[in-house]
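Student: Sharing a structure, written as structure tokens. Questions coming.
Derivation of every value follows stated rules applied to the coordinates shown; laboratory data play no part. Bear in mind the structure is a predicted one, so any value in this text is a computation, not a measurement. We place every Cβ from the backbone using ideal geometry, glycine too, and count neighbours over all the protein chains shown.
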Amino acid sequence: MEIDEVPPAEEQDTAPTAEHKGANPPKTTGGAFAVRSIEGWIVLVTNVHEEASEEDLQERFAEYGDIQNMHLNLDRRTGYVKGYALIEYSTLPEAREAIAQTNNTKLLDQTIQCDFAFVRPPPGQGGGRGGNRSRGGRGGGATGRPRSRSPGAADRVERNAEDEPVTEAPKLEDRITS
């Protein structure tokens, strides 16, 4: 069983903390904090030409550092590239340099965009799913949308055993004694 070495502290920074206020945490072009994946820093490359190959991407991105892993997904129906690639670098400086040098550059006559694949939203902007989740259960609450009802629920009339409309729910005492 192999055990991975712990990377230096400068590569583990994923968000600013009290002790790292002066450090330069990795940020995306949108201002969110980049987060390291389990094995490394993953760069998302979008607008990749449909006829691009792994070799084309390897040539372009290998000069910024050692590429640990690369995914270039193909469309099952057409066999062409889906338009994005994921490139993994082991260190933050390599990933930053690759993004800085290749973002908004041409690859096979198409301008590619590059940024960190995994991010945490900036403080104060919330994010996540379901709106207000402070009370547990379903998100939303008073600010969310109303719960949906079954079709025709408003028109449905409750009926008793004799098939007469019930205007008032029976009291507990009435149900126990009868």
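Student: Rounded to the nearest 0.05, what FRET efficiency do Leu74 and Arg120 have when you use their Cβ-Cβ distance and R0 = 25 Å?
Tutor: According to the calculation, E is roughly 0.25.
Student: Related question: Given R₀ = 22 Å, what would the calculated FRET efficiency be for Gln113 paired with Ile38, taking r from the Cβ atoms and rounding to 0.05?
Tutor: 0.35
Student: Under the 0.36 nm per residue contour assumption, what length would be gained going from the current alpha-carbon distance of Asp66 and Ala161 to full extension?
Tutor: Result: 26.6 nm gained on full extension.
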